[in-house]
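> Supplied in structure tokens, the structure appears directly below.
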Amino acid sequence: MKSFDFLESASKISFAKLDKAGGNIQLMKDPLQTIAIVYSAQGIIDNGGLEYFFSSDFPENPPYQMFIDAYNKIGAFEEAEGIKKSLAFFEDPNPELNLESRLKFIDSLPSDFSHQFSKISEQMLGSESVWFLLNQYAELNQNLIDSSNI
């Protein structure tokens, strides 16, 4: 089993930088931005699927496209596509700006998890490959991470 020690270190640096940015992930630069986005998003998804991911707002309501882009940057293409497909179920063209609409949709999902949204969510839940890819991305960008002035 691969150790994710460097990812843990890189995530601490990323979240310290996020604090300096006042919680606004859009003010961060890569690779720290990508690490903070994927680490946060996948942690939420692993705890409750896309239902949890969409059940609260991120600070400053970054566009969900940022999450798709971040997953793509680390090579988690299936998960990026899962987020993209899940967005199609929301009526609002900018669902990140309308928590009430997202909650209404999530509350309408059948409890038997038969809806396609729930199936996409289940596929993303507990994705070990995301953590492996994120660790690999952090290791490949170690020089940029180490040189970031916190």
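The values are calculated or read from the model by the stated rules, or taken from the named source; none is laboratory data. Values in this document were obtained by computation on a predicted structure and should not be read as measured data. Ideal geometry is used to build each Cβ from the backbone, glycine not excepted, and the neighbour counts take in all protein chains shown.
> Given (1) of a type outside the set (D, E, K, R); (2) touching a residue at least 40 places away in the same chain (Cβ under 8 Å); (3) touching a helix residue (DSSP H, G or I) at 6+ places or on another chain (Cβ under 9 Å), where does residue 103 come up short, assuming only one miss?
(3)
> Let me ask something else about it. Within region 16-49, how many residues turn out to be crowded, with 17+ Cβ neighbours inside 10 Å and outside any helix (DSSP H, G or I)?
3
> Six or more apart or on different chains, Cβ atoms under 7 Å: show the pairs whose first residue is in region 79-91 and closer than 21 Å to residue 126 by Cβ and whose second is of a type outside the set (Phe, Trp, Tyr) and part of a loop (DSSP other than H, G, I, E, B).
79/127
> Going by what's in this entry, would residue 125 be described as under 19 Å from the mean Cα position of the chain (by Cα), at pLDDT below 95, on the phi < 0 side of the Ramachandran plot and of a type in the set (A, V, I, L, M, F, W, C)?
For residue 125, the condition - under 19 Å from the mean Cα position of the chain (by Cα), at pLDDT below 95, on the phi < 0 side of the Ramachandran plot and of a type in the set (A, V, I, L, M, F, W, C) - is met.
> Name the pairs: first residue in region 137-148 and free of Cβ contacts under 8 Å to residues at least 24 places away in the same chain and over 14 Å from residue 38 (Cβ atoms), second residue among the polar types (S, T, N, Q) and part of a helix (DSSP H, G or I), Cβ to Cβ under 9 Å, at least 6 apart or on different chains?
Close Cβ pairs (under 9 Å, with a partner that is among the polar types (S, T, N, Q) and part of a helix (DSSP H, G or I)) do not exist here.
> In region 119-129, what count of residues is obtained for those that are over 13 Å from residue 53 (Cβ atoms) and touching a Leu at 6+ places or on another chain (Cβ under 8 Å)?
0
> Same structure, new question: Checking residue 79 against (1) at pLDDT below 95; (2) within 27 Å of residue 142 (Cα to Cα), which test does it fail?
Here residue 79 clears every test but (1).
> Given the structure, is residue 71 surrounded by 16 or more Cβ atoms within 10 Å (Cβ to Cβ), within 11 Å of the chain's Cα centre (by Cα) and either modelled with pLDDT of 95 or more or in a helix (DSSP H, G or I) (or both)?
Numbers: surrounded by 16 or more Cβ atoms within 10 Å (Cβ to Cβ): yes; within 11 Å of the chain's Cα centre (by Cα): yes; either modelled with pLDDT of 95 or more or in a helix (DSSP H, G or I) (or both): yes.
Yes; evaluated as a whole, the condition is true for this residue.
> Can I ask one more? Within region 82-150, considering only helices (runs of 4 or more DSSP H) that don't extend past its boundaries, which have at least 3 residues that are surrounded by 12 or more Cβ atoms within 10 Å (Cβ to Cβ) and either charged (D, E, K, R) or in contact with an Asp or Glu (Cβ under 7 Å, 6 or more places away or on another chain) (or both)? Write out each step before concluding.
Working: elements: 99-108, 116-124, 128-140, 142-146.
Counting at least 3 such residues, we get 99-108, 116-124.
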